[in-house]
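Reading through the structure tokens given below for one structure.
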Amino acid sequence: MSAPLDAGLQALFRRFGKAFNAADVEGILACVTPDFRWIMARGPDAPHGRIVEGREALRVALAERAQELDGVRFTEAQVFAAGEFVVGTFRMTAIRRSDGAAIDLRGCDIYTLRDGLIATKDSYWKQVTAD
């Protein structure tokens, strides 16, 4: 069963989302635990993708994303409680810097929380292919 987030969690995820959209690394870091773990939707480590652990590694991953993608924008975001997890859905658009290709995808994140901060973010994207 899902439920709306309480006011404190709504405020946390609002800050987190605004920081992501603004590419505000310090704002993002302020919303996560020191040992934050991001299981990314893409990466070399089957079946996980890429796992980023800790604030400094998150800082590096965000800088790498900024080098790869331009104009990253998250819209249509919804966040709700699901038992001990928080689930967020979103649409992401961007331009890949290497070839100018437009990216438009839907995804979801499964979060865990600790001490009023985000402890993990497990990301999933629709993988669009030209079948």
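With an 8 Å Cα cut-off and a minimum separation of 6 or more residues, compute the relative contact order for the stretch 2-125 in percent. Normalised by residue count, the contact order of the stretch 2-125 is 24 percent.
Write down the percent of antiparallel bridges among all DSSP beta bridges whose residues are both part of the stretch 2-125, to the nearest 5. Display every interim value, and only then the final one.
On the way: 35 of 39 bridges.
Looking only at bridges with both residues in the stretch 2-125, the antiparallel portion is about 90 percent.
With neighbours defined as other Cβ atoms within 10 Å of a residue's Cβ, the residues Thr75, Thr93 order from fewest to most as Thr75, Thr93. Ranked by how many other Cβ atoms sit within 10 Å of their own Cβ, fewest first, the residues Cys31, Cys108 fall in the order Cys108, Cys31. Taking a label point 7 Å from the Cα of Arg50 along the Cα→Cβ vector, which residues of the stretch 1-42 have an amide N closer than 13 Å to it? Flagged as within label range: 38-42.
Can you give the calculated 222 nm mean residue ellipticity of the chain, where each DSSP H run of n ≥ 4 adds -39,500 (n - 2.57) and the sum is split over every residue, rounded to the nearest 500 deg cm²/dmol? Kindly include the intermediate steps, with their values, before the conclusion.
Values: 3 runs with 35 residues, N = 131.
Value at 222 nm, helices only, nearest 500: -8000 deg cm²/dmol.
The Cα atoms of the chain give a gyration tensor whose axes a ≥ b ≥ c have a/c of 1.5 or more with a/b greater than b/c, which makes the shape prolate.
Where in the stretch 1-110 are there trypsin sites (Lys or Arg not before Pro) that are in a DSSP coil and have at most 14 other Cβ atoms within 10 angstrom of their Cβ? Could the numbers behind the result be given before it?
Working: sites: Arg14, Arg15, Lys18, Arg37, Arg42, Arg50, Arg55, Arg59, Arg65, Arg73, Arg91, Arg96, Arg97, Arg106; in loops: Arg97.
Filter output for the stretch 1-110: Arg97.
Readers should treat all values here as calculations from the given coordinates under stated rules, not as data from a laboratory. Keep in mind that this is a model prediction, so the values were computed, not measured. Ideal geometry is used to build each Cβ from the backbone, glycine not excepted, and the neighbour counts take in all protein chains shown.
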